[in-house]
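J.: Here it is, the structure in full.
The values are calculated or read from the model by the stated rules, or taken from the named source; none is laboratory data. Every value quoted in this text rests on a predicted model; they were computed, and no experiment measured them. In this analysis, Cβ positions are derived from the backbone assuming ideal geometry, glycine residues included, and neighbour counts consider all displayed protein chains.
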Amino acid sequence: MYTFSNRLKTFSIALMIIGAIGVVIGFMTSHKSFEEVEAIVAAESAHHGGGHDAEAAHVAPAASHDTHAAEGHAGEEVHHEDAHKKHIEHVQHQIANRPWSALYVAAFFFMMIALGALAFYAIQFAAQAGWSPVLFRVMEGITAYLLPGAIIVVLIGVASGTIGHYNLFVWMDPEVVAHDKLIQGKAGWLNTWGFAIRGFIFIAGWSLYRHFARKFSIAQDNADDNKNFKKSFRISAAFLVFYIYTESMMSWDWIMSVDPHWFSTLFGWYVFASMFVSAITVIAMITLYLKNKGLLPFVNDSHLHDLAKFMFGISIFWTYLWFSQFMLIWYSNIPEEVTYFVTRLEDYKLPFLGMVAMNFLFPLLLLMNSDYKRIPWFVVMAGVVILAGHYLDIFNMIMPATVGDRWFIGIPEIGSILLFGGLFIFVVFTALTKAPLLAKGNPYIKESEHFHY
């Protein structure tokens, strides 16, 4: 049985503490007064050679104009001051959004790894796969993070609409909804109670499957028959049906609704691909870590090769979905659809194009060769690039709608990654100590131990 080393435990706790400090600093520095934001905008305008403040100099009425003209210019000036005030308040709102958004991106990223691992685990049972049972306890350890991780995501979403004054989801703001016909039309779905109730249903369904699958898996270790395995097979098949529906709805609620004026029929599949490849990558990396410690002697190069094949294949699948979504929307050039990508290409060019390179070009070049898939350090290197790329993918989904062009990867973002990364390591490796690392009662375990490709 695996023992959670004091060194790793200390490391995970240190990550959480450092991350929490970073998050607190992010929130403390995001609360800026109207005057502070106005000074920031004025400095930016001066740096770029004008802007709102420069335009203001040209709207004052000339003394030689007649009274009617002066009144017209006075009205223009009032209108300009109104627009200027709204612009400053908008920027102030975006700056305040940043720590909430950074926290949400990191929370969702680690939650989706656990959810993707649960789906991959269920697929192995439903397909009665013979190669993967030696990896089941690693998958079960990763899925232990799903319940706390998903609850945290929902709590951040709801808290941002109460404590944070509608920072993440504009449809939670009654004033916005009152003046927005499109959001009003979606109010039957996009409302705080609906968001919370659906979140509870999603989490309850996922967690119940994880609980019983884990229970049957451990019970099978000491069983004389395959009853527990058959139960796992049946509930896995049922769970996959539940999962494919709830994963799509979750992606609409928890990600796509940050920008309620935009939608994509491919979005659920797109998020699934990102989730799936990230989960398989983490399974591979934790497996390699444990094998390096001498704790998984039954895992061989063929298991690593198959995990790396999945990393490669799902990366190509993700690219297919990304290109399908991008190309169809860009080519049709419908204003309310294409604005999603225009915003990202104008304000997020580096993370947007960098994400595509990291999620497609790097896996393609690093993992195409079959021999490289069997080299541990090579798989780890590819895995680090893939995980960083898919963090940027979630970053690109959330940030443009919540912080606009006020994005930066700094203390709030790094602090959030460290906080949830530390929590993820702590929960996962604690779960790995609760049962033997070999699911010895699985009927396919001998086939898995002697798997060669």
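J.: Looking at ALA127, ALA144, ALA178, which is the one that is in contact (Cβ under 8 Å) with a residue 12 or more places away in the chain and of a type in the set (Gly, Ala, Ser)? Write out each step before concluding.
T.: Numbers: ALA127 fails: in contact (Cβ under 8 Å) with a residue 12 or more places away in the chain; ALA178 fails: in contact (Cβ under 8 Å) with a residue 12 or more places away in the chain.
Criteria check complete, one pass: ALA144.
J.: Let me ask another. Between a residue in region 72-94 that is part of a helix (DSSP H, G or I) and modelled with pLDDT of 80 or more and any residue that is small (Gly, Ala, Ser) and surrounded by 14 or more Cβ atoms within 10 Å (Cβ to Cβ), which pairs come within a Cβ distance under 6 Å, given they are 6 or more apart or on different chains?
T.: So the pair list comes out as GLN94/GLY404.
J.: If you don't mind, another one. Sort through ALA382, ALA401 and tell me the only one that's in a helix (DSSP H, G or I), touching an Asp or Glu at 6+ places or on another chain (Cβ under 8 Å), over 16 Å from VAL271 (Cα atoms) and in contact (Cβ under 8 Å) with a residue 60 or more places away in the chain. Full working, then the answer.
T.: Values: ALA382 fails: touching an Asp or Glu at 6+ places or on another chain (Cβ under 8 Å).
Result: ALA401 is the single residue among ALA382, ALA401 that is in a helix (DSSP H, G or I), touching an Asp or Glu at 6+ places or on another chain (Cβ under 8 Å), over 16 Å from VAL271 (Cα atoms) and in contact (Cβ under 8 Å) with a residue 60 or more places away in the chain.
J.: Inside region 429-444, can you point out the residues that are surrounded by 16 or more Cβ atoms within 10 Å (Cβ to Cβ) and assigned to a loop (DSSP other than H, G, I, E, B)?
T.: Those that are surrounded by 16 or more Cβ atoms within 10 Å (Cβ to Cβ) and assigned to a loop (DSSP other than H, G, I, E, B): ALA435, LEU437, LEU438, ALA439, GLY441, ASN442, TYR444.
J.: Follow-up question, since we're still on this one. Applying the selection to region 25-41, what residues are part of a helix (DSSP H, G or I), surrounded by 14 or more Cβ atoms within 10 Å (Cβ to Cβ) and modelled with pLDDT under 80? Full working, then the answer.
T.: Step one: of region 25-41, the residues part of a helix (DSSP H, G or I) are 25-30, 34-41.
Among the residues that remain, those that are also surrounded by 14 or more Cβ atoms within 10 Å (Cβ to Cβ) are: 25-27, 29-30, 37-38, 40-41.
Within region 25-41, VAL37, GLU38, ILE40, VAL41 meet the criteria.
J.: If you go through region 357-379 one residue at a time, do you hit one that is in contact with a Pro (Cβ under 9 Å, 6 or more places away or on another chain), more than 22 Å from ASP301 (Cβ to Cβ) and part of a helix (DSSP H, G or I)? So that I can check it myself, show each step before the final result.
T.: The first filter runs over region 357-379 and keeps only residues in contact with a Pro (Cβ under 9 Å, 6 or more places away or on another chain), leaving none.
There is no residue in region 357-379 that is in contact with a Pro (Cβ under 9 Å, 6 or more places away or on another chain), more than 22 Å from ASP301 (Cβ to Cβ) and part of a helix (DSSP H, G or I).
J.: Where in region 127-222 are there helices (runs of 4 or more DSSP H), lying fully within it, with 1 or more residues that are touching a Ser or Thr at 6+ places or on another chain (Cβ under 8 Å), under 27 Å from LEU296 (Cα atoms) and hydroxyl-bearing (Ser, Thr, Tyr)? Break it down into steps so the answer makes sense when it comes.
T.: Values: elements: 136-143, 146-160, 174-178, 181-185, 192-221.
Hits in region 127-222: 192-221.
J.: So which pairs qualify, if the first residue must be in region 363-375 and surrounded by 12 or more Cβ atoms within 10 Å (Cβ to Cβ), the second must be among the acidic types (Asp, Glu) and part of a helix (DSSP H, G or I), the Cβ gap must be under 7 Å, and the two must be at least 6 apart or on different chains?
T.: ARG374/ASP301
J.: Ok, one more. Return yes or no: is PHE426 within 15 Å of the chain's Cα centre (by Cα), more than 11 Å from ARG98 (Cα to Cα) and assigned to a helix (DSSP H, G or I)?
T.: Details: within 15 Å of the chain's Cα centre (by Cα): no; more than 11 Å from ARG98 (Cα to Cα): yes; assigned to a helix (DSSP H, G or I): yes.
Judged against the criteria, PHE426 is not a match.
J.: At pLDDT 95 or above, over 30 Å from PHE169 (Cα atoms) and either in contact with a helix residue (DSSP H, G or I) (Cβ under 6 Å, 6 or more places away or on another chain) or not in a helix (DSSP H, G or I) (or both) - does that describe any residue in region 256-275?
T.: No; the residues of region 256-275 include none that is at pLDDT 95 or above, over 30 Å from PHE169 (Cα atoms) and either in contact with a helix residue (DSSP H, G or I) (Cβ under 6 Å, 6 or more places away or on another chain) or not in a helix (DSSP H, G or I) (or both).
J.: Quick one: what pairs do we get from region 181-203, first residue touching a residue at least 40 places away in the same chain (Cβ under 8 Å), second among the basic types (Lys, Arg) and not in a helix (DSSP H, G or I), C-beta under 9 Å, 6+ apart or different chains?
T.: No pair meets every condition.
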